[in-house]
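These notes are about the structure you will find just below.
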Amino acid sequence: MSKRTWALLAATMVSLIYGVSFTIAKDVMPTYVKPFGFILIRVFGATVLFWLIYFFGRLFRKTHDEKIQRKDFLRIIAAAFFGVALNMLTFFKGLSFTSPISAAVIMVTTPIIVLILSAIIMKEKMIKRKIFGILLGLFGTGFLILYGKSIGNATNAPLGNVLVFINAVSYAFYLILVKKLMDKYNAFAFVKWIYTFGLLMVIPFGWSEYQEIHWQTIPSIILWEIGFVVLFTTFFTYLFNLVSMRELKPTTVSVFIYLQPLFATIFAIGLGKDEVTWVKIVSAVLIFAGVYLVTQKKEVSKQ
């Protein structure tokens with residue numbers, strides 16, 4: 001299997017995990033854990049895991065550290081801000097205010113934002129096929145979310161929607177920043193630092209909410225869901241994202257966001273909480289067609 005195929009599978013796994021996590025995160029917060037407190041748990045857990053991987057890797061491989069140039073730590077700190085702190089804090093806080101429907105609609109603007117930023121910052125050519133694929137996926141996702149069967153309450157929709165949009169822009173910046181690091185270093189050389197700096201950034205926001213958690217009253221199923229978010233939604237998704245970023249351009253990686261609401265719907269159907277309708281079928285066809293157009297390799301260079 002080619003490296004590009006592995007990268008596409010990794011990007012698909014990220015969307016699958018996020019699609020499942022959307023429902024799981026709403027189970028946990030805000031009833032048992034408030035948004036910022038949950039983010040602190042996520043980032044702390046992932047930071048520990050990344051450092052453990054690093055130390056075990058050194059122990060068994062017995063290799064020297066890959067030296068990161070001092071000037072690149074500024075990019076790492078920026079990636080930590082946009083990819084960990086601002087990204088996670090605004091999304092979870094926004095999700096607690098708005099409905100999953102509104103949040104999902106806003107999140108799928110990320111590929112458009114990445115396309116624009118890539119053209120401006122990275123001078124990436126805006127290929128017509130990619131533009132059409134992104135718009136097709138956007139239409140399919142919007143169709144699914146707006147007309148599909150969904151449930152969600154909003155306590156402060158305007159504020160929540162603004163926070164989710166800030167998260168979408170933040171994630172777009174992160175994809176572009178981390179791509180430069182991926183082209184220069186091994187992922188494990190810098191990801192532990194991204195999370196370490198990210199942890200320092202989220203502690204001031206999440207510490208008070210973390211202290212409010214009553215662990216002894218939390219049901220075991222909720223504890224398992226918290227563990228799932230830390231291990232899969234945070235740790236593995238960032239690993240998979242790094243794998244995909246090594247072989248794919250930011251615009252290609254970002255379009256996989258369109259698969260998240262689709263996987264979330266499939267997950268809900270599998271649990272008997274939703275049903276198959278013609279809206280979902282048409283939306284699935286449009287989304288997969290859009291992803292196919294964006295991920296097709298036209299030339300020898302990376303697309």
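Compared with the alpha-carbon gap, the fully stretched path from Phe56 to Ile120 is longer by 19.0 nm at 0.36 nm per residue. Does the range 167-236 classify as rounded, prolate or oblate by the C-alpha gyration tensor (a ≥ b ≥ c root eigenvalues; a/c under 1.5 gives rounded; else a/b over b/c gives prolate, otherwise oblate)? It is prolate, given that a/c is not under 1.5 and a/b is the larger ratio.
Take the Cβ atoms of Thr23 and Ile131, set R0 to 41 Å, and the FRET efficiency comes out at 0.80.
Between Leu223 and Ile281, what length comes free when the chain is fully extended (0.36 nm per residue of separation minus the Cα-Cα distance, one decimal in nm)? Don't skip to the end; give the middle numbers.
Working: separation 58, 0.36 × 58 = 20.88 nm, distance 3.43 nm.
Fully extending the segment from Leu223 to Ile281 adds 17.5 nm.
Taking 7 Å steps out from each Cα toward its Cβ at His214 and Lys67 produces label points 5.5 nm apart.
Roughly how large, in nm² to one decimal, is the mean projection of the convex hull of the alpha-carbon atoms in the range 36-97?
Numbers: hull surface 19.9 nm².
Mean orientational projected area (the range 36-97, Cα hull): 5.0 nm².
Determine the share of the range 162-205's accessible area contributed by carbon and sulfur atoms, expressed in whole percent, with a 1.4 angstrom probe. In the range 162-205, the share of accessible area belonging to carbon and sulfur is 79 percent.
As a quick test, which of the pairs Lys123/Lys184; Lys34/Lys180; Lys34/Lys249; Lys26/Lys130; Lys67/Lys123; Lys3/Lys71 have an alpha carbon distance above 26 angstrom in this structure? Each step should come with its number before you reach the end.
Working: Lys123/Lys184 18 Å; Lys34/Lys180 34 Å; Lys34/Lys249 35 Å; Lys26/Lys130 33 Å; Lys67/Lys123 28 Å; Lys3/Lys71 29 Å.
Lys34/Lys180; Lys34/Lys249; Lys26/Lys130; Lys67/Lys123; Lys3/Lys71, as the Cα separations exceed 26 Å there.
Taking every protein chain into account, the accessible area of the range 187-272 amounts to 42 square angstrom per residue (probe 1.4 Å).
The values are calculated or read from the model by the stated rules, or taken from the named source; none is laboratory data. A quick note: this is a predicted structure, and the numbers were derived from the prediction, not measured. No Cβ is skipped: glycine too gets one built from the backbone with ideal geometry, and neighbour counts run over all protein chains shown. Side chains are part of the model used for accessible areas, which takes the heavy atoms of the whole protein and leaves out ligands, DNA and RNA. Shrake-Rupley method; radii C 1.70, N 1.55, O 1.52, S 1.80 Å.
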